[in-house]
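A short worksheet on the structure shown next.
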Amino acid sequence: MDDASTPVRRKRGPARRLDEDRVVDAALEVLDRGGPGALGIRAVAARLGVRPNALYTYVADRAALERAVAERVLSLADTAMLTAPGRRWRERLTDYAVSMRTTLLSHPGAAPLLMTAPMDGPTAVAIGELLMATLEDAGLSAEEAARATYLLIVQVVGSVTLEVVETDGRAPLAGEDDRIAARRGAMGDVDPAVLPHTAAAVDVMASWIGGEQYRWAIDAVLDGIATRATTPDDGA
């Protein structure tokens, strides 16, 4: 029988094996907690409890890490919206654009990466393919569908990034109403005698970072696309 003074050895469960998915998970956690400036090989390694050199098996450098995170975030929005049966082409594009904004705002620290990291991974390429197919459904030529795809990407990524840079980029963001109110408060000293147009529009300008402005802009882009489409908005 063991003596009471004999140390008891506890069995440990199997350690989770390090792989690329775990590295990207940890990178997203670093961004969620610390914002865009927090991401780095050392920070991710610390999050995982390993030495930085252990990560280079899975990501060659910081640029590769950023690219992998961008891919992961893109994969979180539901691309099935772009192929939803019974939905018109314009509805499919709007639904997906709104879903992408929601996804990016859930991981605000990652949003600016879509402006700096190449979006050339398999997920990004697949999204581009689906967008072009949807726009060809609208009756655009292959060339115009490709150009319109880029236009939509710029609108979605650019507007969400501008929304995020007015925050610390940490998740969760403050509520939209609170962020708009803070923006409106910062514009309270506009002199209408000097900037009459700005003074008259401060309430609208304060809401530029909100969902209403985002949806307005998507609608405006799709209005322009519709003028080049041969399939009407009420088509399949």
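The values are calculated or read from the model by the stated rules, or taken from the named source; none is laboratory data. Just so we're clear, the structure is a prediction, and the values are computed from it rather than from any experiment. In this analysis, Cβ positions are derived from the backbone assuming ideal geometry, glycine residues included, and neighbour counts consider all displayed protein chains.
List of remarks:
- Matching residues in the range 182-223 - criterion: being under 23 Å from the mean Cα position of the chain (by Cα) and among the small types (Gly, Ala, Ser): 182, 206, 207, 210, 211, 217, 220
- Summed over the range 69-117, residues that are outside any helix (DSSP H, G or I) and either farther than 24 Å from residue 41 by Cβ or among the aromatic types (Phe, Trp, Tyr) (or both) total 7.
- Whichever residue in the range 111-124 is farther than 13 Å from residue 173 by Cα and surrounded by 20 or more Cβ atoms within 10 Å (Cβ to Cβ) and, among such residues, is farthest from the chain's Cα centre (by Cα): 117
- Every pair of residues 6+ apart whose Cβ atoms lie under 6 Å, when the first sits in the range 151-177 and is at negative phi and at pLDDT 95 or above while the second is buried (at least 18 other Cβ atoms within 10 Å of the Cβ) and acidic (Asp, Glu): 171/32
- The residues of the range 13-59 that are β-branched (Val, Ile, Thr) and either surrounded by 18 or more Cβ atoms within 10 Å (Cβ to Cβ) or under 18 Å from the mean Cα position of the chain (by Cα) (or both), listed by number, are 23, 24, 30, 41, 44, 59.
- Matching residues, the range 134-145, being assigned to a helix (DSSP H, G or I) and out of contact with any Leu (no Cβ under 9 Å at 6 or more places or on another chain): 136, 137, 142, 143
- Top-ranked residue in the range 130-146 [being touching a helix residue (DSSP H, G or I) at 6+ places or on another chain (Cβ under 9 Å) and free of Cβ contacts under 8 Å to residues at least 12 places away in the same chain; ranked as surrounded by the fewest Cβ atoms within 10 Å (Cβ to Cβ)]: 142
- Options 206, 199; residue that is closer than 25 Å to residue 104 by Cα and surrounded by 12 or more Cβ atoms within 10 Å (Cβ to Cβ): 206
- Restricted to the range 209-234, and to residues there that are β-branched (Val, Ile, Thr) and surrounded by fewer than 15 Cβ atoms within 10 Å (Cβ to Cβ), the residue that is farthest from residue 164 (Cα to Cα) is 230.
- Unmet criterion (only one of (1) assigned to a helix (DSSP H, G or I); (2) under 20 Å from residue 162 (Cα atoms); (3) not basic (Lys, Arg)) for residue 53: (2)
- Note on the range 178-189: among residues that are of a type outside the set (D, E, K, R) and modelled with pLDDT under 95, the one that is farthest from residue 96 (Cα to Cα) is 188.
- The listed residue being within 22 Å of residue 59 (Cβ to Cβ) and surrounded by 21 or more Cβ atoms within 10 Å (Cβ to Cβ), out of 93, 104: 104
- Summed over the range 158-169, residues that are buried (at least 17 other Cβ atoms within 10 Å of the Cβ) and more than 16 Å from residue 208 (Cβ to Cβ) total 1.
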